[in-house]
1. Calculated from DSSP H runs of 4 or more alone, at -39500 (n - 2.57) each and per residue, what is the 222 nm mean residue ellipticity of the chain, nearest 500?
2. Largest first and in whole Å, what are the equivalent-ellipsoid semi-axes of the stretch 152-271 based on the Cα gyration tensor, each being the root of 5 times an eigenvalue?
3. Give me the percent of accessible area attributable to carbon and sulfur for the chain, probe 1.4 angstrom.
4. Can you sort Thr240, Thr169 by 1.4 Å-probe accessible area, starting with the largest?
5. Kyte-Doolittle cut-off 1.0, length cut-off 24 Å along the helix's own axis using Cα: show which whole DSSP H helices in the chain pass.
6. For the stretch 175-255, with the dipole built from +1 on Lys and Arg beta-carbon atoms and -1 on Asp and Glu ones, taken about the Cα centre, which of Tyr215, Ile200, Pro248 lies farthest toward the positive end?
7. Assuming R0 = 35 Å, can you tell me the calculated FRET efficiency for the pair Asp58 and Leu258, based on Cβ-Cβ distance, to the nearest 0.05?
8. I need the Debye-formula profile for the chain: one equal scatterer per C-alpha, no solvent, reported as log10 I(q)/I(0) at q = 0.07, 0.11 1/Å, two decimals.
Amino acid sequence: MTFALAFPTIDPVAVEIGPVAIRWYALSYVVGLVLGWQYVRYLAGRCIEGLTKRHADDLLVWGTLGVVLGGRLGYVLFYQPGYYFSNPAEIFVIWQGGMSFHGGALGVLVVVVLYARIMKLNLLSVADAICAQVPIGLFLGRVANFINGELYGRVSDAPWAMVFPGGGTEPRHPSQLYEAVLEGLVLFAVLAVAVHMKRIAQRPGTVAGMFFVGYGVARIVGELFREPDAFLGFIVSGITMGQLLSLPMIVLGLFLILRIPPVPRTGQRAE
């Protein structure tokens, strides 16, 4: 006989004021952006040289645009291009869900490059600050996925498996919580220690590299327990789209961590 934990049914609407309903998923984005912004303000000038609190304020706006536009376009192009190309008006209906982390990461990368060029900042230092706070939003987003009963795990006989409302009658891994811990809590803790280490602070780009590698590995591991999207399934040989998209992130991260820093010119202090 298989036992399963009861799924804690929680109203997907967190706050409702008259006709306005704020869902947990939307709230996770807002809270994640605000907490991330405050964390970057904390790091500015303290752990990230050349970055000020004013820069952190600017990056909140730029980063929000990158996350929303990149996340939505990434989902459209990576996961359901056929559907959205046939129904282009649906691309803009973001309140019904459908965001891609990898797309959001590309969107933020683009705006960070543009902002650093415009403000004449060290691109890698800005990337370090942004990447250090990303796990905050990842944690909140995965918890919201769990509350919504979406992106659930594969069928399991583990004693903590749950029967999700949309997942049939068989108990499944609460993979959203696995990812919340790996991509959120564990990755944030690692980066929080790294960003305060002097040796790492002297090599801009290392924290960003650690994030890319850490997230890529955490996502690949998490996908081993997560049920692939029904409309997509496995891409090839049991590999999911999330795992496939994580591989380039790991390669980029390793490059940033292992790269040889430029040799300073005579009279300049080495970074």
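1. On the way: 10 runs with 151 residues, N = 271.
The helix contribution divided over the chain gives -18500 deg cm²/dmol.
2. 39, 16, 7
3. Values: 10200 of 14790 Å².
Taking all protein chains in place, the chain shows 69 percent carbon and sulfur surface.
4. The residues order as Thr169, Thr240, largest area first.
5. Working: long enough: 24-43 (28 Å, 0.86); 53-78 (35 Å, 0.62); 101-119 (26 Å, 1.84); 123-148 (37 Å, 1.34); 206-223 (25 Å, 1.16); 241-258 (27 Å, 2.21).
Going by DSSP H runs, the hits are 101-119, 123-148, 206-223, 241-258.
6. Farthest towards the positive end: Ile200.
7. Numbers: r = 31 Å, r/R0 = 0.88.
With R0 = 35 Å, the Cβ-Cβ based efficiency is 0.70.
8. For the chain at q = 0.07, 0.11 Å⁻¹, log10 I(q)/I(0) is -0.28, -0.67.
The values are calculated or read from the model by the stated rules, or taken from the named source; none is laboratory data. The structure presented is a predicted model; accordingly, all values stated were derived computationally and were not measured. Cβ sites come from the backbone with ideal geometry, for glycine too, and all protein chains shown count toward neighbours. Just so you know, the surface numbers come from the protein's heavy atoms only, side chains and all, with ligands and any DNA or RNA stripped out. Shrake-Rupley method; radii C 1.70, N 1.55, O 1.52, S 1.80 Å.
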